[in-house]
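Read the figures in this text as sums done on the coordinates, not as results from a lab. Note that this is a predicted model, so its numbers are computed, not measured. Quick reminder, even Gly has a Cβ in these numbers, built from the backbone with ideal geometry, and neighbours come from all protein chains shown.
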Amino acid sequence: MKITLLGTGTSLIDQDRVQSGLLIEGKREPVLIDVGSGVLRRLVQTGTEITAINHVFISHFHVDHCSDFLPLYQSLWLENYDKTLTLYGPPSMKEWSRGVYDVAFPYLRDRIAMEQRVLEEKDAIYIDDLVVTTTPTTHGSYESRAFRIESGSNSIVYSSDTAPCRELIELAKGVDILIHECNWLDGDHKPGIHTSPSELTSIVEGIQPGKVILTHLSPEVIEHGDEVISIVGRRTNAEIALAEDLMTIEI
């Protein structure tokens with residue numbers, strides 16, 4: 001299984017990082033998870049043919065996690081995509097889709113075959129050799145999902161946007177690689193939205209993964225990267241690293 005971090009930034013402008021997105025490649029079909037602004041360009045930079053994409057998961061419908069879905073959809077139409085694109089997301093996907101296709105961009109409706117599958121709270125999707133398991137997370141008032149992706153005995157967990165929550169720790173038990181957001185530095189923040197380095201320390205201690213990759217990185221987190229890595233890794237033997245756009249991992 002090969003994982004490419006397509007976008008590792010936040011909604012804040014960063015000249016080196018686009019918004020959230022992952023490419024997962026198993027033995028056959030590639031899978032996209034989140035498609036924030038800039039992710040489509042990063043996908044093309046990997047050399048992946050966009051018409052090979054048949055499965056897209058969106059963790060939640062904040063702009064920085066879904067805004068490149070429509071450019072992807074339109075590009076597939078213009079490339080004469082002749083398969084069925086399956087879009088997976090939490091229940092809010094239905095309302096988002098009505099706004100997109102009925103109100104904002106009706107010219108896009110039915111340009112390609114698309115199936116929408118609402119992710120239940122504890123869902124498991126089987127795509128060739130990949131198993132994608134989901135769980136709800138805590139991200140303000142928004143429905144959001146974390147994902148565990150397994151191929152054989154290898155596994156990763158992608159938190160997407162979340163505050164510390166028991167559901168994610170349960171999902172990530174025994175995982176090889178934890179890809180977890182670290183949106184802001186320690187300090188006084190509104191609770192229940194994102195995760196700080198010290199909060200992530202406790203999460204990592206509870207999971208004990210082999211490796212931790214921090215993503216959804218704000219400019220201030222990147223500026224203090226060495227300190228953040230030290231904080232997150234202080235109660236674990238796991239390797240800790242800051243994500244970068246187009247970083248690849250093979251397990």
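Couple of notes before you dig in:
- Per-residue HN-Hα couplings for the range 78-86 [Karplus 6.51, -1.76, 1.60; θ = phi - 60°; Hz; x = Gly/Pro]: 5, 8, 6, 4, 10, 10, 10, 8, 9
- Other-chain or far-sequence residues with amide H under 5 Å of GLN116's (modelled H): LEU87
- Look at the dipole of the chain built from charges on Cβ: of LEU168, GLY187, VAL118, the Cα furthest out on the positive end belongs to VAL118.
- Among GLY187, GLY38, GLY26, the residue with the largest mean-square fluctuation in a Gaussian network model of the chain, with springs joining Cα atoms closer than 10 Å, is GLY187.
- Placing +1 on the Cβ of every Lys and Arg and -1 on the Cβ of every Asp and Glu, with no other charges, gives the chain a dipole of roughly 460 debye about its Cα centre.
- Sequence-distant residues sharing a close amide H with THR135 (under 5 Å, placed H): ALA146
- For the range 1-144, share of DSSP beta bridges that run antiparallel, in % to the nearest 5: 55
- Debye, to nearest 20: dipole size of the range 128-189, +1 on Lys, Arg Cβ, -1 on Asp, Glu Cβ: 140
- In terms of surrounding Cβ atoms within a 10 Å radius of their Cβ, ILE193, ILE53, ILE149 rank from fewest to most as ILE193, ILE53, ILE149.
- Amide H within-cut-off set for PHE57, under 5 Å, with H built and near neighbours excluded: LEU32, ILE33, ASP34, TYR88
- For the set LYS173/LYS211; LYS94/LYS122; LYS122/LYS173; LYS2/LYS83; LYS94/LYS190, the pairs lying more than 20 angstrom apart at their alpha carbons are LYS2/LYS83; LYS94/LYS190.
- Cα shape, the range 99-195, gyration tensor, a/c 1.5 rule: oblate
- Loop sites in the range 161-214: trypsin sites (Lys or Arg not before Pro), DSSP, at most 15 other Cβ within 10 Å: LYS173
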